[in-house]
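What follows is one structure encoded as structure tokens, with my remarks underneath.
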Amino acid sequence: MEFVCPPPSCAKKFAYPSNLSRHKRQAHPETVRSYTSDRAIVTADAVSQASDTSFRTEKENRSRIVCGQCQAELPQQKYLLQNLKEVHHRSDIKVETETFDSPEEFGKWCGDVERKNTVRFVSDMQASKTKLDWKTKYFYCSRSHLPNRQGNEKRAQRVSIKSGHRCSSFITAKYFEDGHIEAKFCLQHSGHEIEAAKYLWMINDKLNKLYEDANDRNFFINRKGIANVRQKYQLHPGRLHEDDMQSVEEWIRRDKAALDSNEWENLLAYRRATDPTGKNFRLLLMTEGQAEILRKYAHKGVAVDGTHNTTKYGFKLITLLVLDDRQTGRPVAHFFCPEETTDDLHEFFVNIKERYGRPVTTSVFMSDDASQM
């Protein structure tokens with residue numbers, strides 16, 4: 001495709017639009033508009049475009065460098081900075097230079113700048129080699145330009161971090177053959193807010209954040225170490241005393257102290273142990289929620305199950321269950337006792353009846369093989 005300088009100019013042909021633009025600025029400066037104005041209408045004149053642009057879309061004809069404050073389209077980054085300083089009075093906008101001895105030093109500096117401003121500096125192309133002894137690479141703020149993401153029928157369009165405009169922040173790096181790098185940059189942003197939530201964390205940043213102090217002994221802690229600490233300091237969840245019987249006493253005391261006069265009491269019956277082995281210990285529990293389940297499903301059927309050797313004390317755990325709408329057994333009362341005797345079971349059922357408020361009527365009663373039933 002050829003690009004022609006249109007009449008009434010010289011009608012010369014060029015292979016690239018950049019060559020045509022350069023020719024227009026040098027040979028026909030009167031046809032090119034000024035790049036600064038009171039209203040920041042600083043787009044290049046139409047004659048500097050290709051001779052035939054009818055096939056190009058509106059998005060393709062639009063310059064990528066768009067001011068986020070006045071929507072002016074500009075041909076180069078330097079005109080965007082000039083527009084921000086002269087039209088929008090951004091006196092903080094400044095271009096600086098710095099030299100780095102190696103790519104590693106330059107990369108570290110870039111990383112520090114990115115983390116401080118919570119943005120990324122990205123590039124669309126590889127470093128371009130010039131006729132001199134360096135390569136040039138251009139970086140711009142990752143919040144610049146329009147988003148490329150598009151939704152479809154199956155997935156909604158994701159929220160993009162792109163601002164829709166060109167940010168004033170940029171870095172131009174010259175890579176010399178001896179390894180040093182000269183950077184020209186502007187670190188002041190425009191067209192978007194500095195938002196940490198939209199920072200694109202790289203995997204190295206995440207790893208460095210997790211492993212900031214890998215020399216700390218706590219960094220190497222494992223499950224066994226946690227178990228040892230718990231055992232050493234007796235940090236057992238739910239255990240309020242080293243002695244189990246006293247721990248139960250403390251739980252009962254706290255439960256009663258927290259109750260108001262009209263609140264439900266989970267403890268139906270309690271008899272403290274007469275010696276450290278747990279002799280004569282009794283504990284019957286039913287929560288208010290379990291009582292509601294019993295009232296709702298007791299008519300369908302009631303089951304009693306005894307579980308042996310639940311703890312080191314050899315207590316029996318007797319559980320009262322009902323079937324819910326899904327035919328799943330739901331425990332509604334728990335009774336700990338040393339032996340599964342007739343007297344123990346009688347105490348169990350009597351206390352449930354008193355808390356229930358009336359006799360439990362059911363169509364089916366099921367128990368295990370205990371003769372005491």
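Restricting attention to region 235-244, does a residue exist that is under 38 Å from the mean Cα position of the chain (by Cα), farther than 27 Å from R330 by Cα, of a type in the set (A, V, I, L, M) and not assigned by TED's automatic domain parsing to the domain that holds E354?
Scanning region 235-244, I find at least one residue that is under 38 Å from the mean Cα position of the chain (by Cα), farther than 27 Å from R330 by Cα, of a type in the set (A, V, I, L, M) and not assigned by TED's automatic domain parsing to the domain that holds E354, so the answer is yes.
Yes/no per residue for (1) modelled with pLDDT under 70; (2) among the aromatic types (F, W, Y); (3) in the same structural domain as T118 (by TED's automatic domain parsing):
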residue	(1), (2), (3)
N152	yes, no, no
C167	no, no, yes
F176	no, yes, yes
E182	no, no, yes
S190	no, no, yes
E195	no, no, yes
L200	yes, no, yes
D205	yes, no, yes
N228	no, no, no
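Might you let me know whether region 327-337 holds any residue that is over 43 Å from the mean Cα position of the chain (by Cα) and more than 18 Å from N266 (Cα to Cα)?
No: region 327-337 contains no residue that is over 43 Å from the mean Cα position of the chain (by Cα) and more than 18 Å from N266 (Cα to Cα).
Looking at region 312-332, I want the residues that are outside any strand (DSSP E or B) and have a partner that is basic (K, R) with Cβ atoms under 7 Å, at least 6 apart or on another chain. Which pairs are those?
Taking only residues 6 or more apart or on different chains, the pairs are D324/R330.
Restricting attention to region 166-190, which residues are charged (D, E, K, R) and touching a residue at least 12 places away in the same chain (Cβ under 8 Å)?
Passing the criteria: R166, K174, E177, E182, K184.
Filter region 95-123 down to the residues that are under 31 Å from the mean Cα position of the chain (by Cα) and not in a helix (DSSP H, G or I) and list them by number.
Result: T118, V119, R120, F121, V122, S123.
D343 passes all but one of (1) exposed (fewer than 13 other Cβ atoms within 10 Å of the Cβ); (2) in a loop (DSSP other than H, G, I, E, B); which number fails?
Going through the list (1) exposed (fewer than 13 other Cβ atoms within 10 Å of the Cβ); (2) in a loop (DSSP other than H, G, I, E, B), D343 breaks only (2).
Could you list all residues from region 270-305 that are small (G, A, S) and under 45 Å from the mean Cα position of the chain (by Cα)?
If the condition is that a residue be small (G, A, S) and under 45 Å from the mean Cα position of the chain (by Cα), then G289, A291 are the ones that fit.
The values are calculated or read from the model by the stated rules, or taken from the named source; none is laboratory data. This one's a predicted model, so the numbers in the text were calculated from it and none came from an experiment. Here the Cβ is made from the backbone with ideal geometry for all residues, glycine too, and neighbour counts use every protein chain on show.
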